[in-house]
Amino acid sequence: MEIAKIENQTTQYIVVNLGIEQYGIDIKYVDNIVRMQKITRVPKAPRFFRGVINLRGEIVPIMSVRRKFELDEDVITDKTRIIILKPEHQEAIGIIVDEVKEVLALDSDSIEKIQSNQNDEKAKYINAVGKYNDNLISILNINGVIDI
């Protein structure tokens, strides 16, 4: 795995927890953050799709990032949130996260892009690592995460 610097610019990320790991989601993809709610299951959907919710009249599919990453099963608490993402040229999709921590602005000097083997399934979910204080934040590749 090679690491290369990216050009100097500042980007805002929503930092979320999945277990003990911290992940950053580029704020340009985030449409809304809502509390956990009843999810209606959809028969024969892939295992990582939990179902759909009705968000102000819009039906939004909900995905478990934990299942997609093959981590432990979701544990729903009062901190669990659904982040509604609106990727470019795609319909909205919600992802379940354990907790939303903060919004963070990272400049490109604090971010190292990851060059990885395209055949590595898990590597397509993370495209960079951000450094903030003493913490490392894995920057999610939203298109890779929501890809079916």
Hits in segment 73-116 (condition: part of a loop (DSSP other than H, G, I, E, B) and touching a residue at least 60 places away in the same chain (Cβ under 8 Å)): 92, 98, 116
Enumeration of residues in segment 23-72 that are assigned to a loop (DSSP other than H, G, I, E, B) and surrounded by 11 or more Cβ atoms within 10 Å (Cβ to Cβ): 36, 37, 39, 42, 45, 48, 69, 71
Matching option when the condition is at pLDDT 90 or above, within 12 Å of the chain's Cα centre (by Cα) and of a type outside the set (Gly, Ala, Ser), among 52, 145, 60, 100: 100
Filter result for the condition that a residue is surrounded by 11 or more Cβ atoms within 10 Å (Cβ to Cβ) and modelled with pLDDT under 85, over 128, 92, 123: 123
Any pair with Cβ under 8 angstrom, 6 or more apart, that starts in segment 119-148 at a residue that is closer than 17 Å to residue 64 by Cβ and among the aromatic types (Phe, Trp, Tyr) and ends at one that is modelled with pLDDT of 85 or more and crowded, with 16+ Cβ neighbours inside 10 Å: 125/68; 125/69; 125/140; 125/141; 125/145
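The values are calculated or read from the model by the stated rules, or taken from the named source; none is laboratory data. Owing to the predicted nature of the structure, the values given are computational and were not obtained by experimental measurement. Methodologically, a virtual Cβ is constructed for each residue, glycine included, from the backbone with ideal geometry; neighbour enumeration extends over all protein chains shown.
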